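Asker: Below is the structure I would like to discuss, written out as structure tokens.
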């Protein structure tokens, strides 16, 4: 049968999601825990969206096929027994063989949490980005509007990006502030490697008054990474998870959503 899992993780200690020879990735730890719980040599998983080193996940979704039959709540509690404290399975559901964690996703959602303070983060270190200069909300919103819709996002694409096309449809950028913390929400059909962190670098440059809002359109149209701002830190980036059609019956949120400002 095919099983889908919802995974949350704090990514600071890992070299991203995707399995690597070092074994120090979230996927490696998850698959090791699944195999130990199921008492099989190996279980391979496919995810909804890969995350980079230092990036966190609240609603990552994976699927795998297995002949091992266990109650769904056992896949949650049993797998968590073998996972480190910074990774936890949130839910498990049996799904049809036609479900695919990546291909069935309609959109993907991310949030970036940013601390604006003259002093660097302490208890939030590794969990938020940081700026010490004040940010202008209106300027950042004007700049963000230039990215909405379907565009060639080559200017915001990492050199090592493996996506077949740089054209993506960015459906939402919401920016709000709560006390000293800013939250940037992004939703698109898919994202390029480092796309959000590169957009964040440009939004912060505009917010700090280093560039005018109209500069964002110039960066977009240049289709060159050289004209954009430096890639922003991974610390405050959270993969909120994919959005699926309702008929799959999968949870849309997890408790960690309530933790973010």
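Values quoted throughout were computed directly from the atomic coordinates according to the rules given, and no laboratory measurement underlies them. Quick caveat, the model's predicted, so the values are computed rather than measured. Every residue, glycine as well, gets a Cβ built from its backbone with ideal geometry; the counts of neighbours run over all protein chains shown.
Asker: For the chain, what is the percent of antiparallel DSSP beta bridges, rounded to the nearest 5?
Answerer: The answer is about 90 percent antiparallel.
Asker: What does the helix-only formula give at 222 nm for the chain: each DSSP H stretch with n ≥ 4 adding -39500 (n - 2.57), the total divided by the residues, and the result rounded to the nearest 500 deg cm²/dmol?
Answerer: That comes out to -6000 deg cm²/dmol.
Asker: In what sequence, highest mean first, do 162-169, 112-119, 3-10, 250-257 appear when ranked by Cβ atoms within 10 angstrom?
Answerer: 3-10, 112-119, 250-257, 162-169
Asker: In whole Å, what three semi-axes, largest first, describe the equivalent ellipsoid of the chain built from its Cα gyration tensor (square root of 5 times each eigenvalue)?
Answerer: Ellipsoid semi-axes (Å, largest first): 34, 20, 16.
Asker: Which of 79, 51, 125 moves most in a GNM of the chain, Cα contacts under 10 Å?
Answerer: 125
Asker: Grab the Cα-Cα distance for residue 227 and residue 94, subtract it from 0.36 nm times how many residues apart they are, and report the gain in nm with one decimal.
Answerer: The residue 227-residue 94 span can extend by a further 43.2 nm.
Asker: Could you check which residue among 73, 198, 189 shows the biggest mean-square fluctuation in a GNM of the chain with a 10 Å Cα cutoff?
Answerer: Evaluated over the chain, the most mobile residue of the options is 73.
Asker: What nm distance separates the two modelled labels at residue 159 and residue 1, each placed 7 Å from Cα along Cα→Cβ?
Answerer: In this crude label model, residue 159 to residue 1 measures out at 4.8 nm.
Asker: In whole Å, how far is the Cα centre of region 146-211 from that of region 20-48?
Answerer: 30 Å
Asker: Ratio of Rg to Rh for region 132-252, alpha carbon only, Kirkwood?
Answerer: Over the Cα atoms of region 132-252, Rg/Rh equals 0.97.
Asker: Could you give the nm distance between label points at residue 248 and residue 18, where each point is 7 Å from its Cα heading toward the beta carbon?
Answerer: 2.0 nm
Asker: Residues in region 53-68, backbone N under 19 Å from the label point at residue 257 (7 Å along the Cα-to-beta-carbon vector): list them, ranges by number please.
Answerer: Correct set: 56-62.
Asker: Please report the relative contact order for region 107-238, taking Cα pairs under 8 Å with a sequence separation of at least 6, and give it as a percent rounded to a whole number.
Answerer: 36 percent
Asker: Roughly what would the spin-label model give for residue 133 and residue 119, points 7 Å off Cα along C-beta, in nm?
Answerer: My value for the distance between the label points is 2.3 nm.
Asker: Additional query: May I ask you to derive the relative contact order of the chain, considering only C-alpha pairs under 8 Å and at least 6 residues apart, and to give it as an integer percent?
Answerer: 24 percent
Asker: Calculate the translational D of region 2-104 in whole µm² s⁻¹ from Stokes-Einstein, where the hydrodynamic radius comes from the Kirkwood formula applied to all Cα pairs, the temperature is 25 °C and the viscosity 0.890 mPa s.
Answerer: Answer from the Stokes-Einstein relation: 182 µm²/s.
Asker: When the chain is modelled as a GNM with alpha-carbon springs shorter than 10 Å, which of 59, 207, 149 fluctuates the most?
Answerer: 149
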